Structures are given as C-alpha cells and as structure tokens.
Amino acid sequence: MPGLHFSKQKWFALVAVALATAAAVWFFYFRTDDTIVVKKRLREAVEFAEKQPKGSGFNLQGAGAAHSLGEFFTMETDVSISGESRGQTYTLSAETRAQVVSSYFMLRPLITSLSVSLAEIEVEFKDDAHNAASVKCSALATGTTQNGDYFREGRLISAEMVRDDGEWRFRSLRADPVVSFD
Amino acid sequence: MTVRNEPQQEESSTFVRPPKKRDWRTMCIRIGIIAGATVLICLFVLRPMVINGESMMPTYSSRGFTFAFLPYFKLYSPQRHQIVILKHAGFNTFLLKRVLAFPGETVEFREGVLYVDGRALDEPYVKNGCSWNFSRHEVPKGKIFVLGDNRSMPMQNHMGGMIDQSRLAGVPIW
C-alpha cells in the first residue's frame, strides 16, 4: 500500500502502542473481579436512589424506584442515616427491606431532585470465598427540596454487603455526616 | 592575470523558512511536557479552588478563588487558628475551615464565646458576634474541631465540628 512503508522498528512501536491501548481498555472497561462488581453494585443502588428534577414523586415511578432500591437490601437489614436539617438532628432507620422501601417511598416526594456521587470507595472482603464485604466511601448528595431549598451534604458511608441469591446486597448501611458537632 | 581573492560579502538579510518536521515534533513534545507538568502540579501540589459560601466571612468572601497547597500536612501538623482545607466527599468538594481544638481537648460555646479546655479562646478574626450555646464536648482521638469565622449564621447552618484528621487536605496559599 503506498505511503505505508514503515521500518521494522516503527511496526514494533505501532504494535506495542496498540497492545497497550487494548490492555488499558480491558483494564478500565472489561476487567471484572469481585471488588469491581461490589463497586458497580454500589453505584447502581445510588442510581436508583437519585431523582431527576422532572421526575414526579408520588406516582408509579416513585413506587418503582423504591421497589428497585429495596432489592439492594437483604430481607433483614440495618439502615441508619443521620444528618441535620433545619436545625434538627434526624436519623432514618430501617430494619427490613420493606421498611427501606416504605421509608424511601415516603421521603421521595419531599425532594425535587437528588444527585449522589461516590468517592474514595474501599472494599474489604470478610472471607476467602468473597461472600461478604465491608465497604467504606464518601458520598456527596446534592439536590433541591420541595420548598426549593438547595442542599449539598457530604456523608461517610460504611456498609456490610453480602452475596445473597447471587447478588450483592446491603446487610447494613450507615451514613454519617463528614463533619458534625457531636 | 591576477586573481583577487576577495572575501564574498555575506548576506545580511534574515529570512524565514518553514519549520522542519523535527521542529514540530520538538514543539509538540515541549507543549506535552508543559501541559503534563501543569496537570500534575494542579492535581498534587497547588490545586485551584473556587470558594463558594459565607461560612468563612469576612476572612474569605462568599465568592473567591485560591490555591490549596496540598503537601502541607505531609510536612507540618495543623496549628490552632490555622485555616485549612478539608476533604468533604471525594476529591472535588472541599471545606475551608479554621482549626480550633485538638484530640483530648474540650470545646464549648457559652453565649457565643468559644471555650477550649475551659478557657475562653481569643478569636480576633470573628467580626460578627453570636449567642451560640453548645455544651462541653471532648474532641475524640483522631479528630479535630473546625469551624468557620462567620458566627452570624445560626450554628445549625454551619458545616463545622469534629472531623477526622485524615481529611486534612492542605492549606490555602492566601
């Protein structure tokens, strides 16, 4: 082919670059190990908890989101989310999957939009079979309430996840403020 | 026949020639190195920060700009009254606060005056007084007590209090 008369050295360089690119693509997009699966599962749960500004609260969409979010929890679970709002300290807690679903279904109409970004995710497996893991990360939740108040809150997340029916689910979940007076 | 070996006059005019292929390559490499170095410096040494919020007024206005010197706490320990930058969640949102107490010390507010270990702390940077009350709390091990300078806001609206020392990210350079 005219114009493609590369020396042997250049061919080697081209092949090396192509291999490095393929390895990078595989590493970042196609590599799967349990740590990646747990992180992906965590991000999926967050996606179900988020709410787009145009989404309505008290409707089938909300019920569907609440039900889907519930699937990320074991039947018996331990959820505790604490924070401060309007000068009041609050703690949301749930002990069963049904309570998680109903709590989220009740809370969802109170916010117009919710966006959560996770960072600093650390996964530590509790056993050699990788059936239980302890997960820590920080989360930044931004959004607006029905009153139009904008909020931006950081939380430290600590969770215990277990493999249940082939899926990773939360056996416990705690979200505490990054900084607090107590 | 005589031959005069006169030196030829050199052409004094300067002329421009199109850059050679190698010049372009050198220029691209230089630009790449400068861009790479800039990115690395901004990520790990001097990180540009946009200040947003009123909690540090009047020391910092509600909208401002600074650079965070990130390696600072690898070299030094935090000092009382020092303004620090703390990781809030991830590495994209930070808090700008002042360090007021250390592990093992007690903090309390009485009518807007901050007491550390029972002694009133002199805070010349606080321009707006307040009437905050906060019962005595001990700063737990591994944490520090931080707060903004703007005390005219209700205490509940402040994002302050105990925070893990591991979240210290750096100091503002101005």
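Can you tell me which residues in the stretch B:155-167 are at the interface with chain A (Cβ under 7 Å from one of its Cβ atoms) and among the aliphatic types (A, V, I, L, M)? Within the stretch B:155-167, B:Met159, B:Met162, B:Ile163 meet the criteria. Yes or no: the stretch B:146-156 includes at least one residue that is out of contact with any Phe, Trp or Tyr (no Cβ under 7 Å at 6 or more places or on another chain), of a type in the set (Val, Ile, Thr) and within 26 Å of A:Cys137 (Cα to Cα). Among the residues of the stretch B:146-156, at least one is out of contact with any Phe, Trp or Tyr (no Cβ under 7 Å at 6 or more places or on another chain), of a type in the set (Val, Ile, Thr) and within 26 Å of A:Cys137 (Cα to Cα), which makes the answer yes. Applying the condition of being modelled with pLDDT under 85 and farther than 25 Å from B:Pro140 by Cβ to the stretch A:146-182 and asking which residue is surrounded by the most Cβ atoms within 10 Å (Cβ to Cβ) yields A:Arg152. Of the set (1) under 30 Å from A:Cys137 (Cα atoms); (2) not in a loop (DSSP other than H, G, I, E, B), all apply to B:Met159 but (2).
Would you mind finding the one in A:Leu107, A:Leu118 that is touching a residue at least 40 places away in the same chain (Cβ under 8 Å) and not polar (S, T, N, Q)? Even if it seems obvious, please write down each step before you answer.
Values: A:Leu107 fails: touching a residue at least 40 places away in the same chain (Cβ under 8 Å).
Within the list A:Leu107, A:Leu118, the selection yields A:Leu118.
The single condition among (1) within 14 Å of chain A (Cβ to nearest Cβ); (2) not in a loop (DSSP other than H, G, I, E, B) that B:Met49 does not satisfy is (1). For the criterion of being closer than 22 Å to B:Gly53 by Cα, over 18 Å from the mean Cα position of the chain (by Cα) and away from chain A (no Cβ under 12 Å), B:Gly170 fails.
In the stretch B:19-35, the count of residues that are outside any strand (DSSP E or B) and within 30 Å of A:Ser117 (Cβ to Cβ) is one or more.
Here's the yes/no breakdown for (1) surrounded by fewer than 18 Cβ atoms within 10 Å (Cβ to Cβ); (2) touching a residue at least 24 places away in the same chain (Cβ under 8 Å):
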site	(1), (2)
B:Gly32	yes, no
B:Gly36	yes, no
B:Thr59	yes, yes
B:Ser77	yes, no
B:Leu86	no, yes
B:Gly104	yes, yes
B:Glu111	yes, no
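Somewhere in the stretch B:62-70, is a residue in contact with an Asp or Glu (Cβ under 8 Å, 6 or more places away or on another chain) and without any contact (Cβ under 8 Å) to a residue 40 or more places away in the chain? Yes, the conditions are met somewhere in the stretch B:62-70.
From the list A:Val178, A:Val100, A:Val116, A:Val162, which residue is within 14 Å of chain B (Cβ to nearest Cβ) and within 21 Å of A:His67 (Cα to Cα)? Give the steps one after another, and end with the answer.
On the way: A:Val178 fails: within 21 Å of A:His67 (Cα to Cα); A:Val100 fails: within 14 Å of chain B (Cβ to nearest Cβ); A:Val162 fails: within 14 Å of chain B (Cβ to nearest Cβ).
When all the criteria are applied, what remains is A:Val116.
Modelled with pLDDT of 80 or more, surrounded by 11 or more Cβ atoms within 10 Å (Cβ to Cβ), closer than 24 Å to A:Leu156 by Cα and among the charged types (D, E, K, R): which single residue out of A:Glu50, A:Glu76 fits that description? Selected residue: A:Glu50, the only one of A:Glu50, A:Glu76 that is modelled with pLDDT of 80 or more, surrounded by 11 or more Cβ atoms within 10 Å (Cβ to Cβ), closer than 24 Å to A:Leu156 by Cα and among the charged types (D, E, K, R).
The values are calculated or read from the model by the stated rules, or taken from the named source; none is laboratory data. A quick note: this is a predicted structure, and the numbers were derived from the prediction, not measured. Because the Cβ atoms are built from the backbone with ideal geometry, glycine has one as well, and the counts that use them run over all protein chains shown.
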